[in-house]
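Single-structure report; data block below.
The values are calculated or read from the model by the stated rules, or taken from the named source; none is laboratory data. Just so you know, these numbers come straight off a predicted model, no measurement behind them. Cβ placement follows ideal geometry from the backbone for every residue including glycine, while neighbour counts extend to all protein chains displayed. The accessibility values were calculated without ligands, DNA or RNA, using every heavy atom of the protein model including side chains. Shrake-Rupley method; radii C 1.70, N 1.55, O 1.52, S 1.80 Å.
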Amino acid sequence: QVKLVESGGGLVQPGGSLRLSCAASGIFFNIYAMAWYRQAPGKPRDLVASITSGGITNHVDSVKGRFTISRDNAKNTVYLQMNSLKPEDTAVYYCNAQLGATSTWGQGTQVTVSS
């Protein structure tokens, strides 16, 4: 059974940093495209960053230069390094694994940026 478990969220002051982790099990991780999404209260779930099985990354404009997605295939884990955090980054962050039409979500981790 496919399972994604996020960790690393929390409360941080503006300008601070957090690193989110998503550990995958039950899949051949190497062949999956992975992504991070976020959902703020009352808003839709939006893509933040993605990384292909080959390591090609994409970051949405609002996080470019501040966030970095990476993956460690040996650890079946994808990361999201978040620097220079802003209050508008506050959301629940979700990990996603995609292979063809199959999409799997984690349970989410809360990130709150506030002074």
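Compute the distance from the alpha-carbon center of the range 78-115 to that of the range 1-50, in whole Å.
3 Å
Tell me the trypsin sites (Lys or Arg not before Pro) within the range 1-97 that lie in a loop according to DSSP and have at most 13 other beta-carbon atoms within 10 Å. Can you show the working numbers first?
Working: sites: Lys3, Arg19, Arg38, Arg45, Lys64, Arg66, Arg71, Lys75; in loops: Arg45, Lys64, Arg66, Lys75.
Answer by residue number: Lys64, Lys75.
At 0.36 nm per residue, and after removing the present C-alpha to C-alpha distance, how many nm does the segment from Gln13 to Gln107 gain when stretched out fully?
Working: separation 94, 0.36 × 94 = 33.84 nm, distance 2.38 nm.
My answer for the length gained is 31.5 nm.
Taking 0.36 nm per residue of separation and subtracting the Cα-Cα distance, what length does fully extending Ala23 through Gln98 add? Write out the running numbers ahead of the final one.
On the way: separation 75, 0.36 × 75 = 27.00 nm, distance 1.43 nm.
The Ala23-Gln98 span can extend by a further 25.6 nm.
On the full set of protein chains, 1.4 Å probe, figure out the accessible area of Ser50 and give it in Å² to the nearest 10.
30 Å²
Binning at 10 Å from 0, report for the range 1-103 what percent of all alpha-carbon pair distances ends up in each bin.
Spelled out per bin, shortest first, that is 15, 51, 29, 5.
Measure off, as a whole percent, the carbon and sulfur share of the 1.4 Å-probe accessible area of the chain, all protein chains present.
Working: 2930 of 5870 Å².
It is 50 percent, rounded to a whole number.
Taking the Cα-to-Cβ direction at Lys75 and at Lys3 and moving 7 Å from each Cα, how far apart do the two end points lie in nm?
For the pair Lys75/Lys3, the computed spacing is 1.9 nm.
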